[in-house]
Structures are given as C-alpha cells and as structure tokens.
Amino acid sequence: MKLIPLPAFDDNYLWMVHESGEALVVDPGDAAPVQAALQQVGARLVAILVTHHHRDHTGGVNALREATGAVVHGPASEAIPGPLVPHRSGDIVEALGLHFEVIDVPGHTAGHIAYYCGSPGPGEAPLLFCGDTLFSAGCGRLFEGTPAQMLDSLERLAALPGDTRVCCAHEYTLSNLRFARAVEPGNAPLAAYQVQCEALRTQGLPTLPSTLALEREVNPFLRSRKPAVVQSVATARGADPQDPVAVFAALRQWKNDYR
Ligand code: ZN
Ligand code: FE
C-alpha cells in the first residue's frame, strides 16, 4: 500500500492511497493533480472519500467521478456533489480491500466526518483522514460547530492508537507551531518538532503525515486540559481554568487572533 500527499492550491493535500493498480483519493478539491498522479503510478481510481462540503475538498469530485466511475463516499448530513454513498458515525467504507471506520467529528463543519483504517496491512500503521478537523499542531476553524463539539471531536480522534498516521488536509504546520510555542514555551518536544518541520519545509517536503502520539505531545488543541496550557490560556485570555470548554474556546479564539 502506498500513501501519497498530492499538493493542490496553496496548501491543500489530496491524499491518495494506491495498491495493485487501484487507487482512492480523499477530498479531491481539484481533479488535475489526481489525474496526473493516477497516470504516473498507473492506477485506476475506484473510490473518493469526502470529509466535508468545503469547495477545496470537493471541487474535483464530479470531474473525477465522470472520468473514472469511482464511487463517492461522504457525510450524510452535508451537501456533497452526488451521487454519493452517505455515511454516518460507525459506518464502514470498503475500498482497495481496506476497511475505513467513519467517525463523526463536527466542529469545522456541522457534518464533518473522518475515516480511520486500523489495519492497512501487515507492518502498516493505522491511517486517519481527518480533513480540516485535526491539523499538525493545530485544528480547524469553527465555522459551523461549537467549541464543545470540536473538543469532543478532537478527543475522539486523540483516543486512537498512537502510531496512527494523521493525514491532514492542509500544510499549516509551521504557522500552527508558532502559535503552539506561544501557548507552551516550555514544551521541549514541541520546540524539537518545530526545528524538524522547518527543515522539511526548507527542502520543500510535507510535514505530514504526523502521528497521534506526536500530536498528543505538541498540539495545544489536544492538550487543552494540561495544566501548562490551561494556565497559559487563563493568563493570556482570562478563561475560567475550571471550565474545559471555556479554555478550549478561548484557545481557539486566541489562535484566530494570533499574528
Ligand atoms: Zn474546510
Ligand atoms: Fe480545507
């Protein structure tokens, strides 16, 4: 099984998985890079997995379906260009012989879902396609959901195995890390990760996939109950340290305002 991030637009990744001449793609905002990659690896597109309705995740769906006949999977409660196999939490999507569990992760959008494959094959770590919910060292903006929903969604993802490969839909890592360092200046693994990611980006390489074990150490949005983060948010933004949702909401707002 091969996993490839296809860069698109300014900072999107369209994730492709291919195996024995068949491929799936997640959140194809644009058809062209997917078509080029299919040709390059010599694979036929059999499935499209969509996490949420935003255009940068769905713009290539129709063209790819028409060109390849791929089956489109997406969230039941969002307007995705159909025909679509609609999914809710707990559904299993089968493609390329892999089984992806659908996880509801409302917050960025109201019906956002993630896809988790616990056993992609012998010696392969689990795979998580989390769209715009979880980013490396960050999380998505709350366009349609509440802070309580997003906190709950992120905690559901954070509970997956530590070696899970986190396939985020955007290369936002460096700017997320600048903010994360402001929140937790004393976090040594975070400082080391920033150095590592800066080196990758200097070489033009993706910082992704990340792993959940790493994200639990460096991502302030997965650490909003940690004393250091609570203290920092309470001091900077005046959030009630006794209220986890208020702390998370203030942390997200702090990131929105951070320059
Ligand atoms: Zn989005
Ligand atoms: Fe996006």
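The values are calculated or read from the model by the stated rules, or taken from the named source; none is laboratory data. Quick caveat: nothing in here was measured; it's all calculated off a predicted structure. Here Cβ is always computed from backbone atoms with ideal geometry, including for glycine, and neighbour counts include all displayed protein chains.
For segment 42-60, name all the residues that are of a type outside the set (K, R) and within 14 Å of ligand 2 (Cβ to nearest atom). Steps first, answer last, please.
Looking only at segment 42-60, we keep the residues that are of a type outside the set (K, R), and these are 42-43, 45-54, 56-60.
Once the filter is applied, which keeps residues that are of a type outside the set (K, R) and within 14 Å of ligand 2 (Cβ to nearest atom), segment 42-60 yields V50, T51, H52, H53, H54, D56, H57, T58, G59, G60.
So in segment 151-177, with the set limited to residues that are in contact with a helix residue (DSSP H, G or I) (Cβ under 9 Å, 6 or more places away or on another chain) and in a strand (DSSP E or B), which one is surrounded by the most Cβ atoms within 10 Å (Cβ to Cβ)?
Ranking the qualifying residues of segment 151-177, first place goes to V166.
Which members of segment 95-124 meet the condition of being under 16 Å from L212 (Cβ atoms) and not aromatic (F, W, Y)?
E101, I103, V105, A114, C117, G118, S119, P120, E124
Scan A148, A125, A110 and give me the residue that is farther than 23 Å from R44 by Cα, more than 16 Å from ligand 2 (Cβ to nearest atom), in a loop (DSSP other than H, G, I, E, B) and in contact (Cβ under 8 Å) with a residue 12 or more places away in the chain. Write out each step before concluding.
Working: A148 fails: in a loop (DSSP other than H, G, I, E, B); A110 fails: more than 16 Å from ligand 2 (Cβ to nearest atom).
Only one candidate passes the filter, namely A125.
For every residue, the table says whether it meets (1) surrounded by 15 or more Cβ atoms within 10 Å (Cβ to Cβ); (2) over 18 Å from E155 (Cα atoms); (3) small (G, A, S).
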{"position": "R181", "(1), (2), (3)": "yes, yes, no"}
{"position": "P185", "(1), (2), (3)": "no, yes, no"}
{"position": "L190", "(1), (2), (3)": "yes, yes, no"}
{"position": "C197", "(1), (2), (3)": "yes, yes, no"}
{"position": "E217", "(1), (2), (3)": "yes, no, no"}
{"position": "S224", "(1), (2), (3)": "yes, no, yes"}
{"position": "V229", "(1), (2), (3)": "yes, no, no"}
{"position": "R237", "(1), (2), (3)": "yes, yes, no"}
{"position": "A249", "(1), (2), (3)": "yes, no, yes"}
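Only one of S136, S119 is surrounded by fewer than 22 Cβ atoms within 10 Å (Cβ to Cβ) and farther than 21 Å from V61 by Cα; which? Spell out the reasoning first.
On the way: S136 fails: surrounded by fewer than 22 Cβ atoms within 10 Å (Cβ to Cβ).
Unique residue meeting the criteria: S119.
Working carefully through the options R88, R65, R156, find the one that is more than 16 Å from ligand 2 (Cβ to nearest atom), within 24 Å of E19 (Cβ to Cβ) and among the charged types (D, E, K, R).
Values: R88 fails: within 24 Å of E19 (Cβ to Cβ); R156 fails: within 24 Å of E19 (Cβ to Cβ).
One residue alone meets the criteria, R65.
Of all residues in segment 1-40, count the ones that are touching a residue at least 40 places away in the same chain (Cβ under 8 Å), in a loop (DSSP other than H, G, I, E, B) and of a type in the set (D, E, K, R).
2
Of the residues that sit in segment 44-57 and are buried (at least 23 other Cβ atoms within 10 Å of the Cβ) and within 12 Å of ligand 1 (Cβ to nearest atom), which one is nearest to A110 (Cα to Cα)? Quick ask: steps written out before the conclusion?
Step one: filter segment 44-57 for residues buried (at least 23 other Cβ atoms within 10 Å of the Cβ), giving 45, 48-52, 57.
Checking the rest, the ones that are also within 12 Å of ligand 1 (Cβ to nearest atom) come to 50-52, 57.
Details: V50: 14, T51: 11, H52: 9, H57: 15 Å.
The qualifying residue nearest to A110 (Cα to Cα) is H52.
All but one of (1) within 15 Å of the chain's Cα centre (by Cα); (2) more than 13 Å from ligand 1 (Cβ to nearest atom); (3) over 17 Å from P28 (Cβ atoms) hold for F100, so report the exception by its number.
So F100 meets the others, but not (3).
Are there any pairs, at least 6 apart or on different chains, whose C-beta atoms fall under 6 Å, with the first in segment 220-241 and over 19 Å from F135 (Cβ atoms) and the second among the charged types (D, E, K, R), and if so, which?
Filtered contacts from segment 220-241: A228/E184.
May I ask you to list the residues in segment 81-107 that are part of a loop (DSSP other than H, G, I, E, B) and at pLDDT 95 or above? It would help to see each step written out before you state the result.
We begin by selecting, within segment 81-107, every residue part of a loop (DSSP other than H, G, I, E, B); these are 81-84, 88-91, 96-97, 105-107.
Listed by number, the residues that qualify are P83, L84, R88, S89, G90, D91, L96, G97, V105, P106, G107.
Identify all residues within segment 41-69 that are β-branched (V, I, T), in a helix (DSSP H, G or I) and touching a helix residue (DSSP H, G or I) at 6+ places or on another chain (Cβ under 9 Å); write none if there are none. So that I can check it myself, show each step before the final result.
Start the filter on segment 41-69 by keeping residues that are β-branched (V, I, T), which leaves 41, 46, 48, 50-51, 58, 61, 68.
Checking which are in a helix (DSSP H, G or I) leaves us with 41, 58, 61, 68.
Hit for segment 41-69 is T68, nothing else.
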